Amino acid sequence: MSVSVVLFTSDLRLHDNPVLRAALDSADAVVPLFVRDPGVRAAAHHSANRTAFLADCLADLDARLRKAGGRLVVRSGEVAEQVAGVVTESGAEQVHVAAGVSGYAHRRERRLQRALAPSGCRLRVHDGSVTAVPPGAVRPAGGEHFAVFTPYFRRWSQEHLRVPLGAPRTVPVPGSIGSLDLPRRSDVPGVSPGVPEGGETAGRKRFAAWLRNGIDGYTDRHDDLAGDATSRLSPYLHFGAVSPVELVHRARAHGGPGAEGFVRQLCWRDFHHQVLAGRPAAAAHDYRDRHDTWRSEREAADDIAAWKAGRTGYPIVDAAMRQLLHEGWMHNRGRLLTASFLTKTLYVDWRVGARHFLDLLVDGDLANNQLNWQWVAGTGTDTRPNRVLNPVLQAKRFDPDGAYVRRWVPELAGLGAPAVHQPWRLGAADRARYDYPEPLVDLAEGLARFQRARGKG
Ligand code: FAD
């Protein structure tokens with residue numbers, strides 16, 4: 001009996017999984033393997049919220065495999081060593097894995113090549129599982145990745161996407177291969193209370209509900225902070241519990257301006273992935289050096305602490321930061337304005353903010369997080385690197401009646417708009433009734449500091 005190993009990484013699903021399909025096509029039986037890597041746990045991109053969500057994803061994957069006659073095999077340790085061990089135990093001739101974009105994923109592939117070489121087992125790395133269009137599939141003339149979104153979107157939209165694959169009916173797994181217990185969400189300490197249920201089943205349900213009731217209003221409502229009218233599919237996409245190829249196909253089949261807008265956002269995801277694949281160092285270093293001399297973490301320690309705690313005195317910033325603490329998720333408009341506030345108004349290094357987001361975000365993703373942070377900080381691919389979002393104007397535009405602020409900043413729940421966005425304008429007696437801080441910084445002073453630093457003032 002021939003055996004292949006499927007190493008699950010960022011593709012924790014049975015539907016439209018080209019890696020699993022290739023493994024099933026190449027052998028009589030497969031070992032569906034997930035390795036818990038202490039290297040990832042130790043790295044900065046480990047978080048309780050994602051660990052909890054991952055536990056759900058693995059439990060759901062195991063349940064789905066069992067329905068197909070198989071099961072998930074879980075091991076713990078350095079990935080290449082663990083895979084090589086399973087190859088020896090099962091006599092597997094091939095290992096299948098999805099291509100990743102990060103430096104970590106590239107190192108993992110190299111280690112796997114080395115670890116498998118002595119056994120003659122072949123490593124097969126598959127594109128087209130983690131993104132809709134694989135990084136490198138579309139390239140600008142004379143370059144290896146696109147640095148500007150609009151021309152990328154034009155080319156991306158013309159790409160022919162493969163037809164989504166159904167879930168396999170049967171997944172034969174050799175009985176002799178031992179597994180550790182599945183990790184359990186209830187064993188993970190420090191999880192934010194609002195982290196949603198993970199897994200392919202929950203992700204597919206959410207997408208179906210989104211198609212029925214949500215996507216049509218996306219164009220008009222995606223920036224409405226209180227309306228919360230985006231798909232919230234990001235953590236399912238991050239863990240591959242849903243397939244980006246399938247999402248694009250089904251959204252296009254649904255049609256309409258909302259679906260087009262949604263597909264465009266999925267293209268942003270691919271865009272950042274191809275930037276990181278082309279420039280893995282952009283996870284930690286400026287994509288475009290603007291010669292910033294950021295305030296040191298020590299000098300800005302109080303400002304950073306207030307920003308993290310949602311106590312800056314700017315209600316819209318604080319509401320979004322508290323949503324992050326509570327849900328491990330933040331609305332995209334909130335991410336934009338809190339990141340602009342930290343990097344531009346407070347002039348703190350984007351890496352400080354990106355690290356905090358990665359600590360908490362259930363969808364925390366190296367490509368999307370680091371490159372969006374760089375985009376906002378002006379060190380990335382934004383073609384207007386020095387734009388600064390004014391939190392008061394943002395609040396008036398995207399939370400006009402103040403419902404989002406009142407939801408997340410209960411101290412101000414008694415205030416209507418516009419006072420809820422500018423409580424410092426209340427008289428001293430009124431201000432004393434609200435246990436809420438004064439603004440951390442004057443916006444005009446913050447702007448002037450940033451413009452001086454960038455040589456624009
Ligand atoms: P929807 O609006 O429903 O969009 C559908 C999908 O498109 C999302 O699930 C996501 O996969 C993708 N998408 C949407 N906007 C973007 C974008 N700007 N860049 C890349 N992909 C996008 N997204 C993450 O998935 N992980 C992160 O760690 C992350 N960090 C961010 C940090 C900052 C500072 C900013 C400004 C944005 C960040 N984003 C990140 C992008 C975006 O905010 C989230 O993807 C989005 O808010 C998720 O909500 P949703 O699923 O309801 O999105």
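Summary table below
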{"quantity": "Within the range 403-432, backbone nitrogen closer than 16 Å to the virtual label 7 Å beyond the Cα of Leu443 toward Cβ", "calculated": "405, 417-426"}
{"quantity": "Cα-based shape type of the range 178-298, given that a ≥ b ≥ c are square roots of the gyration tensor eigenvalues and the cut on a/c is 1.5", "calculated": "oblate"}
{"quantity": "Calculated SAXS-style log₁₀ I(q)/I(0) at q = 0.13, 0.17, 0.18 Å⁻¹ - the range 1-157, Debye, Cα scatterers", "calculated": "-0.67, -1.06, -1.15"}
{"quantity": "21 Å Cα-Cα reach of Lys344 towards lysines, excluding residues that sit fewer than 8 places from it in its own chain", "calculated": "Lys308, Lys396, Lys456"}
{"quantity": "Cα-based equivalent ellipsoid, the range 301-453: semi-axes from gyration tensor eigenvalues, Å", "calculated": "25, 18, 13"}
{"quantity": "Cα long-axis angle, helix 257-278 against the chain (0 to 90 degrees, to the nearest 10)", "calculated": "70"}
{"quantity": "Cα-based helix-to-principal-axis angle, 350-360 vs the chain, degrees rounded to 10", "calculated": "60"}
{"quantity": "Helix 48-67 axis, angle to the chain major axis (alpha carbon atoms, nearest 10°)", "calculated": "30"}
{"quantity": "Cα-based Rg of the chain normalised by 2.2 N^0.38 Å, two decimals", "calculated": "1.03"}
{"quantity": "Theoretical ellipticity at 222 nm over the chain - DSSP helices of four or more residues, -39500 (n - 2.57) apiece, nearest 500", "calculated": "-13500 deg cm²/dmol"}
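FYI, it's all coordinate maths here, none of it is from the lab. The structure displayed is predicted, hence computed values, not measured ones. No Cβ is skipped: glycine too gets one built from the backbone with ideal geometry, and neighbour counts run over all protein chains shown.
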